[in-house]
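Comments concern the structure below.
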Amino acid sequence: MNPDKCWSDLRESAQALKKRHLSELMADDSRFDTFSFSHDGMLLDLSRQRMLPETLDQLVALAEASGLKQKIDDLIGGSHVNTTEDRAALHTALRTPAGKPLVVDGKDVVAGVQATLDKMDNLVSTLHSGQWRGFNGEAIDTVVNIGVGGSDLGPLMTCHALSEFQPDNARGIDLHFVSSMDGSQLSGLLSRLNPATTLFVLSSKSFTTIDTLANAATARQWLQDASGLEVETILRHHFIGITAQPQKASEWGIPTQNQLLFWDWTGGRYSMWSAIGLPIAIATGMDGFRQLLAGAHSIDTHFQQAPFKENLPVLLALAGIWNINLLDIHAHAILPYDGRLAHLPAYLEQLEMESNGKSVRLDGTDSDHRTCPVLWGEIGPNAQHAFYQLLHQGTESVMCDFIVPAKRYTEQSRTLQEQHRLALANCLAQARVLALGDKALDADTAASAPPWKRYRGNQPSTVILLDELTPYALGQLIATYEHKVYTQAVIWQINPFDQWGVELGKKMATAMLDELDEPGRSGKLDSATQGLLDRINAQRHSA
Ligand code: F6P
């Protein structure tokens, strides 16, 4: 079928469905059976989406008409799907098991990936066994990852999520993450660390990101001041560089033997599976890291092989398309009901908005569809005490993703198990009330309530239920979102793998730096910027 026809069928269905409340759709006793889908320990429940079974068929028809099957094969097969940068986007190869070669641009990328994993393995063992030593011979016991965006958020989110999976031999290593350009994280941290036992991991695909290089320079200076040693010794003992630009890392001073490399076909926000994942391997051990990769690989295979009607990433994407393009919902809340997933919203903000926050199609024309919504989130129970008021009684339609593991604390105290029960109950109750509104109450109570105690409901949500939060399950979850983003990009005909939108701001900031040192140097500025600059310069130079 032609995509235009699919869109017009969907628009017709949306007109009819906009008039129906979720409570009406959810009155169907087979709702859960029809709208829940599972694969390998993960359940995707779309029962609270404002759709009928036939809506899903129409959305699947749209995915088929958009050529998604071929596009998935192109992605995983290593075609240059990142058209504006003329390269592949092969994060799936980073989790392909050894012995499944994939030749791209004349090279077996899987062999290269496995060789890097072996190098990571060695490095992690050296650290865990106390064999990596600082400038005075003491064993390294603290690792600070310096990076930003994709070189920070994935490892940070994962290390936090999997902190309970630390193997015994990793317990001696303290891990920290530093990203903020202004040095506030680093300055607070350095005063508490021992320079002789601290190792810095500089993570930067480009090795030109000013945020990271500024933090790295401060760390290097701190070590030089503390040790009184020459810079080469400091760099050899206290710095590892992870990058796709080895020459730039060498120019900065990272010795070759301290470099871990990845490839320009790994997008920054898709890079936690590469050497950028070193902090994860340090925290969970190489076994934990390999489990994470295995979970993601299971979803890669599912994404490529499962029929769209049973394909979790495709269905998650189609629910989004339905809400954004057909029901006009442009706000999306990510609500994990598990404190270990505290950094998941920030991670998904980058993954979704940097990938699909685009308005120009692959052929250079303007998109005629709305694309990525505004996405934000928070640990669900905490958000209940912050922004849920808007979800329940505000004027905005918001789609929500509830993410929760069924099992937790099975071998821990009764009170902790009780706390998990509490989180589960809240998750289910919130998803229910957002969908049903007043209809979740008995009819008399609802009818006698004053207006400010009424609940409109009809806010659509998806529930992702993991059996348990393990490295494998987290790998599945993140890969599901990655492929969701790709599926939506295919339907919107945009390139999810570039990020030209952030480049101009970076260039302008460099010019502004000159302006702070030498006012007037960059030529005429607009009056708003000039006014602020004058005020800042007056303050900076006042006694
Ligand atoms: O701000 C854009 C961006 O390029 C992200 O895409 C990327 O993850 C981040 O900066 C960090 O880049 P790098 O790893 O090259 O330092």
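The values are calculated or read from the model by the stated rules, or taken from the named source; none is laboratory data. In this text, all values refer to a predicted model and were calculated from it rather than measured experimentally. Heads up, the Cβs are rebuilt from the backbone with ideal geometry, glycines too, and the neighbour counts pull from every protein chain shown. Heavy atoms of the whole protein, side chains included, go into the accessibility calculation; ligands, DNA and RNA do not. Shrake-Rupley method; radii C 1.70, N 1.55, O 1.52, S 1.80 Å.
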With +1 on the Cβ of every Lys and Arg and -1 on the Cβ of every Asp and Glu, the dipole magnitude of the chain about its Cα centre, in debye rounded to the nearest 20, is 560
The stretch 93-282, accessible surface, carbon-and-sulfur percent (1.4 angstrom probe): 51
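Counting only Cα atoms, I'd like the Rg/Rh figure for the stretch 1-41, Kirkwood definition for Rh.
On the way: Rg = 14.3 Å, Rh = 12.7 Å.
Rounded to two decimals, Rg over Rh is 1.13.
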Can you pull the one-decimal nm distance between simple spin-label points at Asp467 and Ser448, each 7 Å off the Cα toward Cβ? 4.8
Among the listed pairs Lys18/Lys453; Lys107/Lys205; Lys100/Lys309; Lys19/Lys309; Lys484/Lys506, which are separated by more than 22 Å between their Cα atoms? Lys18/Lys453; Lys100/Lys309; Lys19/Lys309; Lys484/Lys506
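Restricting the count to DSSP beta bridges whose residues both fall in the chain, what percent are antiparallel, rounded to a multiple of 5?
Values: 13 of 46 bridges.
So the antiparallel bridges amount to about 30 percent of the total.
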Protein chains only, probe 1.4 Å: how do Asp517, Asp121, Asp264 rank by accessible area, largest first? Asp517, Asp264, Asp121
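Would you calculate a helix-derived [θ] at 222 nm for the chain, using -39,500 (n - 2.57) for each DSSP H run of n ≥ 4 and dividing by the full residue count, to the nearest 500?
-14500 deg cm²/dmol
Counting only Cα atoms, I'd like the Rg/Rh figure for the stretch 284-417, Kirkwood definition for Rh.
Details: Rg = 17.8 Å, Rh = 17.5 Å.
When Rh is taken as the Kirkwood radius, the ratio is 1.02.
Could you compute the net charge surrounding Gly183? Neighbours are other residues with a C-beta less than 14 Å from the C-beta of Gly183; K and R count +1, D and E count -1.
Numbers: positive: Arg220; negative: Asp182, Asp211.
Summing Lys and Arg as +1 and Asp and Glu as -1 gives -1.
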Expressed as a whole-number percentage, the relative contact order of the chain with C-alpha contacts under 8 angstrom and at least six residues apart is 19
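Accessible area per residue, 1.4 Å probe, Å², for the stretch 398-471: what's the number?
Details: 3970 Å² over 74 residues.
Per-residue accessible area for the stretch 398-471 comes out at 54 Å².
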Return the whole-Å distance between the Cα centroid of the stretch 472-543 and the Cα centroid of the stretch 399-457. 39
So, with points 7 Å from each Cα along the Cβ direction, the Arg11-His385 label distance in nm works out to 4.7
Counting Lys and Arg as +1 and Asp and Glu as -1 over every other residue whose Cβ sits under 13 Å from the Cβ of Ser355, the net charge comes to -2
Whole angstrom only: what separates the Cα centroid of the stretch 300-358 from the Cα centroid of the stretch 50-123? 17
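Run the accessible area of the stretch 315-393 with a 1.4 Å probe and give the carbon-and-sulfur part as a rounded percent.
On the way: 1400 of 2760 Å².
Carbon and sulfur atoms account for 51 percent of the accessible area of the stretch 315-393.
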Which value, in Å², gives the accessible area per residue of the stretch 1-93 when a 1.4 Å probe is used on the protein heavy atoms? 45
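Of the listed peptides 504-516, 20-32, 165-177, what is their order by residue-averaged count of other C-beta atoms within 10 Å, with the highest listed first? It would help to have the intermediate numbers written out before the result.
Working: 504-516: 11.6, 20-32: 14.5, 165-177: 16.1.
Taking the mean over residues of other Cβ atoms within 10 Å, the ranking is 165-177, 20-32, 504-516.
Give me the compactness ratio for the chain, meaning the Cα radius of gyration over 2.2 N^0.38 Å. Before the final figure, lay out each step's value.
Details: Rg = 25.0 Å, N = 543, 2.2 N^0.38 = 24.1 Å.
Dividing the Cα Rg of the chain by 2.2 N^0.38 Å gives 1.04.
Per residue, how much accessible surface does the stretch 128-282 expose to a 1.4 Å probe? Answer in Å², no decimals. Could the numbers behind the result be given before it?
Details: 5760 Å² over 155 residues.
About 37 Å² of surface per residue is accessible.
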Phi-derived 3J(HN,Hα) across the stretch 477-494 with the Karplus relation (6.51, -1.76, 1.60, θ = phi - 60°), rounded Hz, x for Gly and Pro, is 4, 5, 5, 4, 5, 4, 6, 4, 4, 5, 4, 5, 4, 4, 5, 7, 6, 10
Once amide H atoms are built 1.01 Å from N in the peptide plane, which residues 5 or more positions from Phe200, or in another chain, come under 5 Å H to H? Val144, Phe239, Ile240
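Let me check against my output: what whole-number percent is the relative contact order of the stretch 10-83, with C-alpha pairs under 8 Å and at least 6 apart?
Working: 38 pairs, mean separation 18.9, N = 74.
Averaging sequence separation for qualifying contacts and normalising by length gives 26 percent for the stretch 10-83.
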What are the principal axis extents of the Cα atoms in the stretch 106-167, in Å, biggest first? 46, 25, 24
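Rounded to a whole number, what % of the accessible area of the stretch 398-497 do carbon and sulfur atoms account for, probe 1.4 Å? Could you put the intermediate results ahead of the total?
Values: 2300 of 4230 Å².
Carbon with sulfur: 54 percent of the solvent-accessible area.
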